[in-house]
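So the structure is just underneath, and the comments pick up after that.
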Amino acid sequence: MEMNNNLFHDEFTNVVYFSPWLSDMKEGHPEFFQRLLVILKEIGVEVRELKFTNDYWARDYMPIQLGENEFLKYRYYPDYLVKSKNKNDIKTITDATKVLRDIGISCRSTYIIINGGNMVPCGPYIVMTDKVFAENRKKKDDADFKVLLESELGHPVIIIPWTQHEDDVYGHSDGFIKWCGGNRILMGNHGDCYSEEATAIRRILEDYGFEVTEMRFLDKVVSPYYEVNWAYINFLQVGKNIIMPIFDIPEDAIALQYIQEAFQDCNIHQIEMAEIAREGGALHCISWNVYLPK
């Protein structure tokens, strides 16, 4: 496929979908979901439901919107579920084909294994961690695979390094960065714990012409709450509205300032969600925001 510089971004989206599992009394977080719905209604964002899902981490199995009428569906086969010691985890893998058929969206398809959380559009590029190589049983320096990946996506790809840590088995780029428009990228506080890896990520992005601002809390609060403060970067943007997670900790105010400075033309709203963040994801992970013509 010919490369395309006109990549779709969150600022163009107008509808957000959630899995009904999020409101499930036993498996979900119904009280949180009701608070989220109140915010979305207040700011005028349309909410729709994804049927035939097997869990509420909607981002990972739903296709990426590459253009106004272009969606790409990939093979969703995450190793952290497939190889999990809990045999029930593999049952949570959603078949997006059924979901998409129900909501009437048609897609191109690729057989490459990808997780939706590992694709962050940044200007003309899609940023992914190098975990996409391992998931497809390729070496990290496999140039042919990167060419294939870019061909299937139809856009140039920036690969950033990722090393599995005890607190991150996922390797999703939406847990590291967010595009702010132009050549600006906001990066989470990865550098507070893994400074060498964060430096490597920043330098790669800078090599592509981006200016990177890193969130940092280590020198600004007495006791950083690393269990959840990584999740500020995993916020949801729909059009000019941003909903960011908060956790009733000192980092909340600092993270808000970072996001306000990076997205000065957006309206920012906050929601407490420590319980979900401790499970490894936040607002971007549990949602699927797209543009649909009215």
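The values are calculated or read from the model by the stated rules, or taken from the named source; none is laboratory data. Just so you know, these numbers come straight off a predicted model, no measurement behind them. Neighbour counts are summed over all protein chains in view; Cβ atoms, including those assigned to glycine, are modelled from backbone coordinates with ideal geometry. The area values use the complete protein model at the heavy-atom level, side chains included, leaving out ligands, DNA and RNA. Shrake-Rupley method; radii C 1.70, N 1.55, O 1.52, S 1.80 Å.
If you roll a 1.4 Å probe over the heavy atoms of the protein chains, what accessible area per residue do you get for the chain, in Å²?
Here the per-residue accessible area is 47 Å².
What FRET efficiency comes out for Glu206 versus Asn267 if R0 is 25 angstrom and r is the Cβ-Cβ distance? Round to the nearest 0.05.
The computed FRET efficiency comes out at 0.25.
For each pair in Lys26/Lys294; Lys41/Lys131; Lys41/Lys294; Lys146/Lys294; Lys146/Lys178, compute the distance between the two Cα atoms and list the pairs where it is over 26 Å.
Listed pairs above 26 Å: Lys26/Lys294; Lys41/Lys131; Lys146/Lys294.
Taking every eigenvalue of the Cα gyration tensor of segment 123-226, multiplying by 5 and rooting it, what semi-axes result, largest first, whole Å?
Result for segment 123-226: semi-axes of 25, 17, 10 Å.
Mean 1/r over all different Cα pairs, inverted: what Kirkwood radius does the chain give, in Å?
Here the Kirkwood hydrodynamic radius works out to 19.3 Å.
Per residue of segment 284-294, in order, report the coupling 6.51 cos²θ - 1.76 cosθ + 1.60 (Karplus, θ = phi - 60°) as ³J(HN,Hα) in whole Hz, putting x for Gly and Pro.
In residue order, the calculated couplings are 5, 5, 8, 10, 9, 9, 9, 9, 10, x, 7 Hz.
Please list, by residue number, every one of the trypsin sites (Lys or Arg not before Pro) in segment 76-171 that is coil in DSSP and has at most 14 other beta-carbon atoms within 10 Å.
Answer by residue number: Lys83, Lys85, Lys87, Arg137, Lys139, Lys140.
Using the Cβ atoms and a cut-off under 12 Å, what net charge is assigned to the surroundings of Phe235, where Lys and Arg are +1 and Asp and Glu are -1?
For residues surrounding Phe235, the net value is -1.
At a 1.4 Å probe, what is the % contribution of carbon and sulfur to the accessible area of segment 231-294?
46 percent
Within segment 108-170, what whole-number % of the accessible surface is contributed by carbon and sulfur, with the 1.4 Å probe and all protein chains included in the calculation?
52 percent
Among 160-168, 198-206, what's the highest-first ranking by average C-beta atoms within 10 angstrom per residue?
198-206, 160-168
In nm, give the distance between the simple-model label positions of Val15 and Thr97, each being 7 Å from the Cα along the Cα-to-Cβ direction.
With each label placed 7 Å out from Cα toward Cβ, I get 2.3 nm.
Once you list every other residue whose beta carbon is under 10 Å from the beta carbon of Asp265, what net charge do they have if Lys and Arg are +1 and Asp and Glu are -1?
Local net charge: 0.
For Met25 and Ile90, compute 0.36 nm times the residue count separating them, minus their Cα-Cα distance, and round to one decimal in nm.
21.3 nm
Return the tail of the calculated pair distribution for segment 168-216, meaning the percent of Cα-Cα pairs more than 17 Å apart.
Distances greater than 17 Å cover 27 percent of the Cα pairs.
What is the antiparallel percent of DSSP beta bridges lying wholly in the chain, to the nearest 5?
45 percent
Out of all DSSP beta bridges with both ends in segment 151-294, state the antiparallel percent to the nearest 5.
45 percent
Net charge near Ile64: determine it from the other residues with C-beta under 14 Å of the C-beta of Ile64, scoring Lys and Arg +1 and Asp and Glu -1.
-3
When averaged across all projection directions, what area in nm² does the alpha-carbon convex hull of segment 23-179 cover?
10.6 nm²
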